[in-house]
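Structure, as structure tokens:
The values are calculated or read from the model by the stated rules, or taken from the named source; none is laboratory data. Source: prediction; values computed, not measured. Heads up, the Cβs are rebuilt from the backbone with ideal geometry, glycines too, and the neighbour counts pull from every protein chain shown.
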Amino acid sequence: MIQVYSAEHPAEAHIVKGILETNGIECQVRGDILFAARGEIPLSIETAPSVWIIDERRYRAARDLVGRYERANAGKEAAGPSWLCPGCGEKLEGQFTHCWQCGHARGFPKDFSME
Ligand SMILES: [Zn+2]
């Protein structure tokens, strides 16, 4: 297990997880259970969600995908319209490609593809 990403928000961690899994890299999100109790536990480095991959040999590939996500996200503050998750009805901001609630994909922009 090795950490490839530290997120500011569980939604981000789950987006990164979705990107990695779409590309065949097995991973886990840690810390979002604590985050779910926010209001009771102040958000800190210890409680911020992070993404870990199972197979450390995939680290470079995983970091490459995370880097693409970060670059794509950097200029996307005013991203498209918010959308409703087809899986659970959660309202999501335009920059998210996956529902943080149930993990349902909205569909990836082309630049997340490995090809
Ligand atoms: Zn959902």
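Considering each residue of segment 88-98, count those that are near the ligand (Cβ under 10 Å from one of its atoms), buried (at least 16 other Cβ atoms within 10 Å of the Cβ) and among the hydrophobic types (A, V, I, L, M, F, W, C), and give that number.
Qualifying residue count, segment 88-98: 1.
Check CYS85, CYS102 and return the single one that is over 19 Å from MET1 (Cα atoms), within 16 Å of the ligand (Cβ to nearest atom), at pLDDT 90 or above and not charged (D, E, K, R). Steps first, please.
Values: CYS85 fails: at pLDDT 90 or above.
Criteria check complete, one pass: CYS102.
Touching a Leu at 6+ places or on another chain (Cβ under 7 Å) and modelled with pLDDT of 70 or more - does that describe any residue in segment 27-42?
Yes, the conditions are met somewhere in segment 27-42.
Select from segment 43-82 the residues that are at pLDDT below 85 and closer than 17 Å to ARG30 by Cβ and write down the one among them that is surrounded by the most Cβ atoms within 10 Å (Cβ to Cβ).
That would be ALA48.
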